[in-house]
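One structure is given below, encoded as structure tokens.
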Amino acid sequence: ARPAPLPLPVCALRDTPLSLAKMPSHTSMDHTWKDFWGANASVLIVAAIVILMLVAVFVVDRRWRKQQTKLEKVTGMMNESYAFSLNLVRHFMPSFKVAKYQFRGMRPKKTTASVEFENLGMDLKSGKRVLNGVTGKFEAGRMCAIMGPSGAGKTTFMNVLCGKATYGNMIGTMRINDKVTDPKELKGFMGFVPQDDIVHQDLTVREQIQFSVRLRGSTDLSKRRIEFITEDVLNVMQIDHIQNSIVGSVENRGISGGQRKRVNIGLELAAEPTLLFLDEPTSGLDSTSSLAVCLSLGKLCQLGMTSIMVIHQPRYSLFTLFDEVLLLGKGGETVFLGSSLDAKSYFESLGFEMPQNENPADWFMDVLSGEVSNNRISNFKPDMLFEMWRRRHENEDLEAAATGSSNNRLLRSATKSRQLSPEEDKAILWKNLQEGWDAVDTNKDGVMDAEELKELLAHCAAMVPTDEVVRELMERMAPDSQAVTKRQFVDYLSSLSDDVARDEKLREADATGVTGPHARQPLASMKESSDEDSTTYSSDESMSSIGSANSATSLQEMSPDRPGFMKQFQILTLRRLVQWWRMNRQRGIFVVALALGGVVLAILDGYITKTPSWDAMAYLNLHTCLALLLSIFCLSVFGNDQPVFWRESASGINVQSYYVAKILINTVDVVLMTFVFTTVYFLIRQPYISYWRFIIPFIFTAYASAGWGYFISTIVPPQHGPFIVSLVSFIICGLLGNPSTLANFMDIPVMDIAVSAISISRWAVQMSFLIAYDHMNPDPTDARQKAMLGTYEGVYVVQGETYGHSIGMACIWLFIMGFVLRILSFLGLKFTNRSKQV
């Protein structure tokens, strides 16, 4: 027995024209509205819950922003304290050489990597050879450049080295630390900076670097170390002053092009790679910005990182920064490989003469292109340079064998004048401090407290430091102490010549038990007492020995243990939540569109066409509208940032974690928009159905249509997504689910299965009609409405009972559809464009 119908409001009486209906009294009208709201008060409760959720996200976002602002202040304070430290050094020892910046999070490499290649070549799948017999070696901890004219195979050579040349077959041998290696094995300790600036447009500069550290750094990184590595990258790449600026895009202007390029590089530096490949990192930059970028990369090489980059026509001051330069001629063969300072003399020895006031780097390209004549060879051709280099290389090998030296070039470059040792520097500093200590120690207690240090800093810098700066320096000089001794003061100033901050070295030593808060030793004694520590905290002088000592080290030892699925899922969910809140404008447009759609359809059905509340065609319009708008909205989940995903996937990000985090956060949008659309329509139309029964079919429609949006976005280029989604929605909702033609499909078994498998409205409209039919028990008097009802009963009631197509079965079909589409979208994300994910 069907339940007896409840009294309806006048606006819900669709079977009788309003002009013929008996208008109820004011009391009756109040009673009707009261009944409606009494039966559907849960709508307001759900609305309140949604509002509270949005407020909670707003609070989380505000806290996140405050945290980032606080970190920016900490960065400024740390940089200011280091500047005051440099003033102290200049005051007591003006000739003392100090590091321009000290790393606090990054560490010298325990294991460095040299890259050796022998007869390296590349054959395209068409059979054409674009790289031919390149032989040489890039030493560990050096900044190396690959140069050549157009068509020389510069990018191809680098892609072969780092395993990204999927468009051809590699020829020759590659060795890492003298061990034959497949380029695919480099992924764990390699970084790759693409030529295009592929970054997150809706994150700040600091957030980009910070999330990169957390996703790609070692699992044993502490929260403090993560923050310090982020600070290191921001400072070395000279982007600390814009760290809380949104990067932006072409449409929404953010940071400048040069700053964006530095962020692009910083994303890879954050992972602390042992090998870093860069594809034209200076393209699009002016000469000054290019010089700054290369200086920053050179700073990282001091920690043992080997950087190899393709570079295009640098100015000579930039060219000479490179430790090694490989010049390739047209056809992909070697013309020169050696020190950048030796390139000019090499070409002059071959009979080329460089004009005065010419940029040597540009002149080299002219020589390689055949634009420069040779004084010794009248019929000179660029191809001759290949044989000249081979003869020169063979002669060097013979000379090296005769003299017993493995590499004369390295010996020449390693020759340096004698420098003062750290002990000698410290002795001179100690002597200078002895003479001025009485002026520093004003209260004559033998130590320097915070007030005395503040007076000293003000005297040396001609400006008064803040209390925060004084506390920071006190913590660096004498951790866990209220005063600084003379020895601690000298040790700290002496440590400013190191690339890594001394106080952070001591913290790590404390953690391993080498020292303790009450038994600290100077850094020098730490090095003497532990061979392991001398490797961990090695200086620049011992960097070359580290590289040679680890020639047989396995590649696995150079690859850090990165976070697994669950840890990456947590990080990616947080990142996506930050991005989600900054999409309010885009989200607002879709919410307004859906609300407007609900208003139009409700007014059209209730007041213009006066469609009965059980009319299946009205539900077809509703479900089609919701499915279309939601599927278009979901295209942006994987379609908008495909290049970013390809880059992160190539760097080792867990694809499952990325996918689940994206889907989880987007589900909030799907639920929100479904609630807005259905609630607006429900409140205006006021159908004779409880709200919770009314919204169930729309939840399943949203679930399935979002799956179609995800799937299409992973297999179709973003610019074609909206067109494909509109076409698919029109077919699977408007055509295949139309109740007036559905019976024709159901009579053919194959078509019935196909329609049931892919059509959303085939099941969603049935659910909505059966729910309304069970609640209303319609019995229209109008002949046209009787005919419509008979058609719907035949499709949804009679055949539904025959084939077991109940409301529960409809829920199962739509759930399976959405689930399968999500599986397909994951497979599409992971396996389409595979060549861009290596």
Quick check on residue 296: is it closer than 21 Å to residue 159 by Cβ, in contact (Cβ under 8 Å) with a residue 24 or more places away in the chain, open to solvent by less than 10 Å² (accessible area, probe 1.4 Å) and among the small types (Gly, Ala, Ser)? no
I'd like the full set of residues that are within 38 Å of the chain's Cα centre (by Cα) and crowded, with 17+ Cβ neighbours inside 10 Å, limited to the stretch 594-621. 594, 597, 598
Give me the pairs: first residue in the stretch 221-241 and assigned to a helix (DSSP H, G or I), second residue at pLDDT below 90 and of a type in the set (Val, Ile, Thr), beta-carbon distance under 6 Å, and six or more apart or on different chains, which are they? 231/75; 240/75
If we keep just the residues of the stretch 330-385 that are more than 24 Å from residue 142 (Cα to Cα) and in contact (Cβ under 8 Å) with a residue 40 or more places away in the chain, which is surrounded by the most Cβ atoms within 10 Å (Cβ to Cβ)? 385
Report those helices (runs of 4 or more DSSP H) wholly inside the stretch 390-498 carrying at least 2 residues which are at pLDDT 75 or above and surrounded by 14 or more Cβ atoms within 10 Å (Cβ to Cβ). 450-461, 467-477, 486-495
Look through 772, 704 and report the one residue that is closer than 25 Å to residue 581 by Cα, open to solvent by less than 30 Å² (accessible area, probe 1.4 Å) and of a type in the set (A, V, I, L, M). 704
Does residue 762 count as free of Cβ contacts under 8 Å to residues at least 40 places away in the same chain, within 22 Å of residue 618 (Cβ to Cβ) and open to solvent by less than 30 Å² (accessible area, probe 1.4 Å)? yes
Does residue 216 meet the test of being open to solvent by less than 40 Å² (accessible area, probe 1.4 Å), among the basic types (Lys, Arg) and either modelled with pLDDT of 90 or more or more than 23 Å from residue 567 (Cβ to Cβ) (or both)? yes
Residue 644 fails exactly one of (1) part of a helix (DSSP H, G or I); (2) of a type outside the set (Asp, Glu); (3) surrounded by fewer than 20 Cβ atoms within 10 Å (Cβ to Cβ); (4) touching a helix residue (DSSP H, G or I) at 6+ places or on another chain (Cβ under 9 Å), namely (4)
So residue 191, is it in contact with a helix residue (DSSP H, G or I) (Cβ under 9 Å, 6 or more places away or on another chain), open to solvent by less than 20 Å² (accessible area, probe 1.4 Å), within 21 Å of residue 272 (Cα to Cα) and in a strand (DSSP E or B): yes
A careful count of residues in the stretch 268-301 that are closer than 19 Å to residue 146 by Cα and either part of a loop (DSSP other than H, G, I, E, B) or among the aromatic types (Phe, Trp, Tyr) (or both) gives 8
Here are the criteria: (1) more than 18 Å from residue 50 (Cα to Cα); (2) among the charged types (D, E, K, R); (3) open to solvent by less than 30 Å² (accessible area, probe 1.4 Å). Tell me which single one residue 587 does not satisfy. (1)
Set 246, 242, 255: member being under 16 Å from residue 68 (Cα atoms), open to solvent by less than 40 Å² (accessible area, probe 1.4 Å) and of a type in the set (A, V, I, L, M): 242
Which residue, of 115, 130, 57, is within 30 Å of residue 326 (Cβ to Cβ), aliphatic (A, V, I, L, M), open to solvent by 20 Å² or more (accessible area, probe 1.4 Å) and touching a residue at least 24 places away in the same chain (Cβ under 8 Å)? 130
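Per-residue answers, yes or no, for (1) under 26 Å from residue 260 (Cβ atoms); (2) touching a strand residue (DSSP E or B) at 6+ places or on another chain (Cβ under 7 Å); (3) not basic (Lys, Arg):
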{"site": "138", "(1), (2), (3)": "no, yes, yes"}
{"site": "142", "(1), (2), (3)": "no, yes, no"}
{"site": "169", "(1), (2), (3)": "no, yes, yes"}
{"site": "174", "(1), (2), (3)": "no, yes, yes"}
{"site": "191", "(1), (2), (3)": "yes, yes, yes"}
If you take the residues in the stretch 732-751 that are under 49 Å from the mean Cα position of the chain (by Cα), in contact (Cβ under 8 Å) with a residue 24 or more places away in the chain and not in a loop (DSSP other than H, G, I, E, B), which one is surrounded by the most Cβ atoms within 10 Å (Cβ to Cβ)? 733
Residue within the stretch 80-103 that is more than 18 Å from residue 183 (Cα to Cα), open to solvent by less than 20 Å² (accessible area, probe 1.4 Å), within 27 Å of the chain's Cα centre (by Cα) and of a type in the set (Val, Ile, Thr) present: no
Please tell me if residue 173 is surrounded by 16 or more Cβ atoms within 10 Å (Cβ to Cβ) and of a type in the set (Ser, Thr, Tyr). no
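Looking at the stretch 258-292, which of the residues that are open to solvent by 30 Å² or more (accessible area, probe 1.4 Å) and acidic (Asp, Glu) is nearest to the chain's Cα centre (by Cα)? Give the steps one after another, and end with the answer.
Pass one, the stretch 258-292, residues open to solvent by 30 Å² or more (accessible area, probe 1.4 Å): 259-260, 262, 272, 280, 283-288, 291.
Subset that is acidic (Asp, Glu): 272, 280, 286.
Working: 272: 15, 280: 20, 286: 26 Å.
Residue satisfying both the conditions and the ranking: 272.
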Out of the stretch 763-778, which residues are in a helix (DSSP H, G or I) and out of contact with any Phe, Trp or Tyr (no Cβ under 8 Å at 6 or more places or on another chain)? 774
Qualifying residue in the stretch 780-799 (condition: assigned to a helix (DSSP H, G or I), basic (Lys, Arg) and within 25 Å of residue 703 (Cα to Cα)): no
Listed residues 162, 144; which is closer than 16 Å to residue 334 by Cα, under 28 Å from the mean Cα position of the chain (by Cα) and buried (at least 21 other Cβ atoms within 10 Å of the Cβ)? 144
Scan the stretch 150-175 for residues that are of a type outside the set (Phe, Trp, Tyr) and assigned to a loop (DSSP other than H, G, I, E, B) and jot them down. 150, 151, 152, 153, 163, 164, 165, 166
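The values are calculated or read from the model by the stated rules, or taken from the named source; none is laboratory data. Since this is a predicted model, take the numbers as computed values, not measurements. Glycine also receives a Cβ, built like all others from the backbone with ideal geometry; neighbour counts cover every protein chain displayed. Areas reflect the complete protein model, heavy atoms only, side chains present, ligands, DNA and RNA absent. Shrake-Rupley method; radii C 1.70, N 1.55, O 1.52, S 1.80 Å.
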